[in-house]
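The values are calculated or read from the model by the stated rules, or taken from the named source; none is laboratory data. All values reported here derive from a predicted model rather than from experimental measurement. Glycine gets a Cβ as well: all are built from the backbone with ideal geometry, and neighbour counts include every protein chain shown.
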Amino acid sequence: MTSPRSLADVVQYGLCLGCGLCESIGGRDLPMALNEQGFLRPSIPDDLDPAIEAAVLKACPGLIQRGPGARHGDVLWGPHEGTFLGHARDESLRHVASSGGVATAAASFLLEEGLADVVLHVSADEEKPVRSRARISRTREEVVGGVGARYGPAAPLQLLHSILNRGERIVVVAKPCDIAAVRNLARTDDRVDRLLIATITFLCAGLPSHGVSRNIIGKYSLAESDVQLLRYRGHGCPGPTRIETRHGTVFEQTYQETWSNELNQGIQFRCKICPDSTGEQADLVCSDAWDGAEGYPIGDGSGMNAIIVRTPKGRMLLDGMIAAGVVAAEPMPASKLMTMQPHHARRKTQIIPRLVGLALAGQPVPSYRNLRLFRAAVLGAAYALSNVRGMMKRVRRGNNREHIPAARIVQPASGNRRGRHQAREPV
Ligand SMILES: Cc1cc2nc3c(=O)[nH]c(=O)nc-3n(C[C@H](O)[C@H](O)[C@H](O)COP(=O)(O)OP(=O)(O)OC[C@H]3O[C@@H](n4cnc5c(N)ncnc54)[C@H](O)[C@@H]3O)c2cc1C
Ligand code: SF4
């Protein structure tokens with residue numbers, strides 16, 4: 001099996017997952033921009049400083065993912081200190097949140113208790129509300145401003161180094177692969193372990209392209225510039241997908257329609273070989289808790305989270321929130337995860353066969369360790385061959401190939417390499 005040798009390889013072979021760590025490390029030498037496929041990717045100049053490229057490649061989760069342990073933990077669901085069913089006690093937060101609001105409640109709790117200075121997370125882009133962006137929040141109100149799932153590219157780690165450079169204590173709320181990037185960085189930057197107060201994630205079925213959001217608004221004959229709000233779900237659980245235009249018109253469709261017709265159509269290739277969609281490297285995992293419908297919503301109701309406590313830190317956080325009356329949570333058998341989120345268990349069993357298919361098709365393969373993937377593959381042996389073949393077909397169709405976003409040369413700021421490039425986004 002070969003590994004990608006450069007940042008350009010990571011992007012062009014479909015291994016980048018759009019975390020934004022490139023830009024955080026490389027600054028304006030490596031700005032994130034939408035590529036032709038509608039994903040945020042680093043815009044790589046021809047004369048990228050090799051030292052910057054080497055630093056990025058050491059931490060890039062598209063290239064390397066190291067789990068918490070090969071031996072301990074459930075083969076499919078990973079190590080945990082307990083599983084719970086719960087929700088934020090603040091009913092207004094619970095209502096607007098994606099599921100039960102525990103992710104937002106936990107991040108806000110750490111700020112309000114003075115245990116953290118900032119929360120690094122994601123929200124709608126105020127200027128272009130169909131898009132999403134990384135956000136640093138310092139108050140509960142700001143954290144609540146980023147509530148809800150954003151089913152599109154966001155690059156949350158773009159701003160990580162700006163926080164590390166200021167020496168602020170951080171809570172990161174992001175996708176499992178973004179958390180993997182933070183953990184990778186911790187191996188080369190000792191500020192991460194010193195300043196990282198907690199990592200909070202969710203189960204992730206995969207990240208849709210920006211084109212998916214454009215298709216949603218396109219159904220109502222809207223351009224991006226017409227839209228002042230695009231909310232995928234929330235305001236009930238799952239709540240409707242809602243579009244508000246700048247001219248005061250409102251369109252709504254059910255989340256079920258959004259998921260079946262749109263969201264699952266444009267998932268990035270890297271998610272098909274994701275070794276950890278359940279956030280094994282985070283402290284706390286907050287997911288949906290729909291039981292008995294293969295992980296799909298059952299009607300609309302009050303939001304609930306299935307919570308996986310991964311670490312002693314995560315346990316202290318949940319206990320602290322329960323004691324402070326911020327979250328209500330009851331223990332839940334871990335076996336419930338299997339009925340609530342069966343597709344995540346199945347996905348884990350498919351990764352090794354898919355990597356084999358990728359390698360047989362002559363493509364570079366990322367390096368995964370300590371995620372029990374071989375043991376999981378044994379459980380999925382019955383459909384291993386079809387996954388190998390399926391991946392080879394995907395490669396033949398070019399499904400894993402992506403473009404690097406174009407970089408526009410701008411006037412260099414004198415003596416400052418970081419003034420050189422500015423990303424150009426497709427319109
Ligand atoms: C792409 C995607 C796929 C998902 N797949 C699943 C799944 O398969 N199963 C499941 O149970 N849940 C999934 N979710 C998560 C689910 O929608 C809820 O976010 C989760 O249950 C937590 O609920 P909550 O009410 O506690 O979160 P909230 O309190 O609403 O907080 C959500 C937090 O997630 C952050 N966030 C939102 N979108 C993104 C993004 N694109 N990248 C990084 N951070 C983001 C926000 O900044 C916010 O802090 C997915 C979410 C996304 C964005
Ligand atoms: S996965 Fe993250 S660090 Fe790696 S190339 Fe993509 S944006 Fe950069």
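The set of residues from the range 148-181 being out of contact with any Gly (no Cβ under 7 Å at 6 or more places or on another chain), away from ligand 2 (no atom under 13 Å from the Cβ) and in a loop (DSSP other than H, G, I, E, B) comprises 149, 150, 151, 152, 167, 168, 169. Could you look through the range 1-26, keep only residues that are more than 7 Å from ligand 2 (Cβ to nearest atom) and touching a strand residue (DSSP E or B) at 6+ places or on another chain (Cβ under 8 Å), and pick out the one that is modelled with the lowest pLDDT? Across the range 1-26, the extreme among qualifying residues is 3. Residues of the range 1-18 that are hydroxyl-bearing (Ser, Thr, Tyr) and either surrounded by 17 or more Cβ atoms within 10 Å (Cβ to Cβ) or touching a residue at least 60 places away in the same chain (Cβ under 8 Å) (or both): 2, 3, 13. Is it the case that some residue within the range 376-391 is surrounded by 22 or more Cβ atoms within 10 Å (Cβ to Cβ) and modelled with pLDDT of 95 or more? So far as the range 376-391 goes, yes, one or more of its residues are surrounded by 22 or more Cβ atoms within 10 Å (Cβ to Cβ) and modelled with pLDDT of 95 or more. Looking across the range 19-68, the residues that are charged (D, E, K, R) and either within 16 Å of ligand 1 (Cβ to nearest atom) or without any contact (Cβ under 8 Å) to a residue 40 or more places away in the chain (or both) come down to 23, 41, 46, 47. Residues that are under 29 Å from residue 188 (Cβ atoms) and either in contact (Cβ under 8 Å) with a residue 24 or more places away in the chain or more than 16 Å from ligand 2 (Cβ to nearest atom) (or both): does the range 86-94 have at least one? No; the residues of the range 86-94 include none that is under 29 Å from residue 188 (Cβ atoms) and either in contact (Cβ under 8 Å) with a residue 24 or more places away in the chain or more than 16 Å from ligand 2 (Cβ to nearest atom) (or both). In summary, residue 78 fulfils each of the numbered conditions (1) more than 23 Å from residue 376 (Cβ to Cβ); (2) surrounded by 19 or more Cβ atoms within 10 Å (Cβ to Cβ); (3) of a type outside the set (D, E, K, R) with the single exception of condition (1).
Restrict the check to the range 60-83 and report whether at least one residue is in contact with a Lys or Arg (Cβ under 6 Å, 6 or more places away or on another chain), away from ligand 2 (no atom under 11 Å from the Cβ) and basic (Lys, Arg). So far as the range 60-83 goes, yes, one or more of its residues are in contact with a Lys or Arg (Cβ under 6 Å, 6 or more places away or on another chain), away from ligand 2 (no atom under 11 Å from the Cβ) and basic (Lys, Arg). Residues of the range 110-130 that are touching a residue at least 60 places away in the same chain (Cβ under 8 Å) and farther than 23 Å from residue 161 by Cα: 113, 128, 129, 130.
Let's see how each residue does on (1) within 19 Å of residue 110 (Cα to Cα); (2) buried (at least 21 other Cβ atoms within 10 Å of the Cβ); (3) touching a residue at least 24 places away in the same chain (Cβ under 8 Å); (4) among the charged types (D, E, K, R):
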residue	(1), (2), (3), (4)
145	yes, no, no, no
148	yes, yes, yes, no
168	yes, no, yes, yes
181	no, yes, yes, no
208	no, yes, yes, no
226	no, no, no, yes
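Looking only at residues of the range 407-427 that are surrounded by 14 or more Cβ atoms within 10 Å (Cβ to Cβ) and of a type in the set (A, V, I, L, M, F, W, C), we find that the one that is modelled with the highest pLDDT is 407. For the range 27-47, a residue qualifies if it is within 18 Å of residue 158 (Cα to Cα), touching a Gly at 6+ places or on another chain (Cβ under 8 Å), assigned to a loop (DSSP other than H, G, I, E, B) and more than 11 Å from ligand 2 (Cβ to nearest atom), and exactly one does: 38. Looking only at the range 69-77, decide whether some residue is closer than 22 Å to residue 320 by Cα and away from ligand 1 (no atom under 16 Å from the Cβ). Scanning the range 69-77 turns up no residue that is closer than 22 Å to residue 320 by Cα and away from ligand 1 (no atom under 16 Å from the Cβ). Meeting the requirement of 3 or more residues that are within 16 Å of ligand 1 (Cβ to nearest atom) and touching a Gly at 6+ places or on another chain (Cβ under 9 Å), the strands (runs of 3 or more DSSP E) wholly within the range 182-294 are 196-201, 284-288. For the range 294-306, indicate whether the set of residues that are crowded, with 17+ Cβ neighbours inside 10 Å and β-branched (Val, Ile, Thr) is non-empty. No: the range 294-306 contains no residue that is crowded, with 17+ Cβ neighbours inside 10 Å and β-branched (Val, Ile, Thr).
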